[in-house]
Amino acid sequence: MLLAKFPRIQLAHAPTPLEPLSRLTQLLGGPKLWIKRDDCTGLATGGNKTRKLEFLIADAKAQGCDVIITTGAVQSNHARQTAAACAKVGGLKAVLVLNGAEPAVRTGNILLDDLLGAEARIVNVERAGRAKAMQAVADEMRGKGHKPYVIPSGGSSPVGALGYVAVVQEMLQQSFEQGVNFQYIVAASGSAGTQAGLVVGAEVLRTGAKVLGISVADRTPDLKANVLKLARQTVELMGVNCPIAEESVIVHDEYFGEGYAQPTPGMVEALRLVASTEGIILDPVYTGKAMAGLMDLVRKGRFKKDDNVVFVHTGGVAGLFAPAQVESFQSRHAKARV
Ligand SMILES: *Cc1c(COP(=O)(O)O)cnc(C)c1O
């Protein structure tokens, strides 16, 4: 049945709660906003990558691999969750190829990478050079007699995307139990795996819900092409007959500001507002910008008052404590409030 044929190791505390954002809904004047708490997946401060890693790590184990190589930015939530998954499962060494500059202090996610026993290698390459840098590490590991498994940036392979097909399945059940019919699912979109999985889940399970991806780094044509390609590959991997139409991939690229991880006034406002009205902490790189997008779309009348809109909290709070991010709440954006 659908996902049961794929190897999977349970890593997430699931089902994660699906809760109303009552005070935020009231403040913004509708639609009815809900939150899917995938920041509570439980693995070393949680987040969305845990969902993908349930399938990816199981695939690596099934292939007899003993080293997991993956990549991301220095503050990668994906790298941190991969490190934790390897620690928990055992018999897997995690090598994290992180691109960027060596920080003055290793705080936030990269501090956790170290605690989790992973080897974090900071490499001086651009985002485009990550795949090659991982291949070099894979060759090195093979030379030492290991069998490496390479996970692409963000865990966004068809196997990884299955994690978010599973989340739609979980939300469908919760929607039934709670008697709430959702019209929209809104999530931050970076390396395409989360959105692709959500789109495939929404289509294959005939939910009738639309998925809105709020881009955190790329312009709409690029991200949309990535999501569409990955969604189609995922459907093929699943072996189901379900064509994914271009129209089912909806991307908003007007909320990431100057670029990936660059703070915006909207992000600062979203973090302050959601924290102070709901007691929920968003992150500055992904969910803060996605929530800023959702709030803007609400204010612009994108939804009907009685629509039910679920925001997927994909985690990332550890990244809030990176020095560059902490600063944005204390200096130039500090006064951004509603
Ligand atoms: C990686 C990440 C995302 C984006 O997920 P993709 O599958 O890469 O699009 C969103 N939120 C957080 C906190 C993340 O770490």
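The values are calculated or read from the model by the stated rules, or taken from the named source; none is laboratory data. Quick caveat, the model's predicted, so the values are computed rather than measured. Every residue, glycine as well, gets a Cβ built from its backbone with ideal geometry; the counts of neighbours run over all protein chains shown. Heads up: the accessible areas ignore ligands, DNA and RNA and are worked out on the full protein's heavy atoms, side chains in. Shrake-Rupley method; radii C 1.70, N 1.55, O 1.52, S 1.80 Å.
Listing for the model above:
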read-out: Farthest toward positive dipole pole in the range 88-182 [+1 Lys/Arg, -1 Asp/Glu at C-beta], among 178, 154, 108; value: 154
read-out: Accessible area (Å², 1.4 Å probe, nearest 10) - residue 130; value: 30 Å²
read-out: Extension gain, residue 210 back to residue 281 (0.36 nm per residue minus Cα-Cα distance, nm); value: 23.0 nm
read-out: Label-point gap, in nm, between residue 63 and residue 181 - each point 7 angstrom along Cα→Cβ; value: 4.3 nm
read-out: Cross-link partners of residue 147 among aspartates and glutamates (Cα-Cα below 18 Å; sequence separation of 8 or more within a chain); value: 59, 66, 119, 139
read-out: Entries of 61/210; 52/305; 5/93; 32/61; 229/289; 36/229 with Cα pairs more than 31 Å apart; value: 61/210; 52/305; 32/61
read-out: Residue-by-residue Karplus 3J(HN,Hα) for the range 23-29, coefficients 6.51, -1.76, 1.60, Hz, glycine and proline x; value: 5, 5, 4, 5, 5, 8, x
read-out: Interchain or long-range residues, amide H under 5 Å from residue 43's placed H; value: 13
read-out: Rounded percent of accessible protein surface that carbon and sulfur make up, the range 1-123, 1.4 Å probe; value: 56 percent
read-out: Residue-normalised accessible area of the chain, expressed per residue, 1.4 Å probe, Å²; value: 42 Å²
read-out: Of every Cα-Cα pair in the range 1-157, the percent that sits beyond 24 Å; value: 39 percent
read-out: Charge context of residue 281, other residues only, Cβ under 11 angstrom, K/R +1, D/E -1; value: -2
read-out: Dipole magnitude of the range 26-183, debye to nearest 20 (Cβ charges: Lys/Arg +1, Asp/Glu -1, about Cα centre); value: 120 debye
read-out: Å³ per residue enclosed by the Cα convex hull of the chain; value: 125 Å³
read-out: Computed label-point distance, nm, for sites residue 27 and residue 245 using a 7 Å Cα→Cβ extension; value: 3.6 nm
read-out: Computed helical MRE - 222 nm, the chain, DSSP H runs ≥ 4 contributing -39500 (n - 2.57), nearest 500; value: -13000 deg cm²/dmol
read-out: The range 227-337: projected area of the alpha-carbon convex hull, averaged over directions, in nm²; value: 9.2 nm²
read-out: Kirkwood Rh (inverse of mean 1/r, distinct Cα pairs), the range 188-277, angstrom; value: 14.0 Å
read-out: Efficiency of FRET from Cβ geometry, residue 222 and residue 123, R₀ 22 Å, rounded to 0.05; value: 0.40
read-out: Projected area, mean over directions - the range 108-211, Cα convex hull, nm²; value: 9.2 nm²
read-out: Calculated P(r) of the range 257-299 - Cα pairs past 14 Å, %; value: 40 percent
read-out: Residue 254 versus residue 135: modelled label distance in nm, points set 7 Å from Cα along the beta carbon direction; value: 4.0 nm
read-out: Sites matching trypsin sites (Lys or Arg not before Pro) across the range 1-73 that sit in DSSP coil, with at most 12 neighbouring C-beta atoms within 10 Å; value: 5
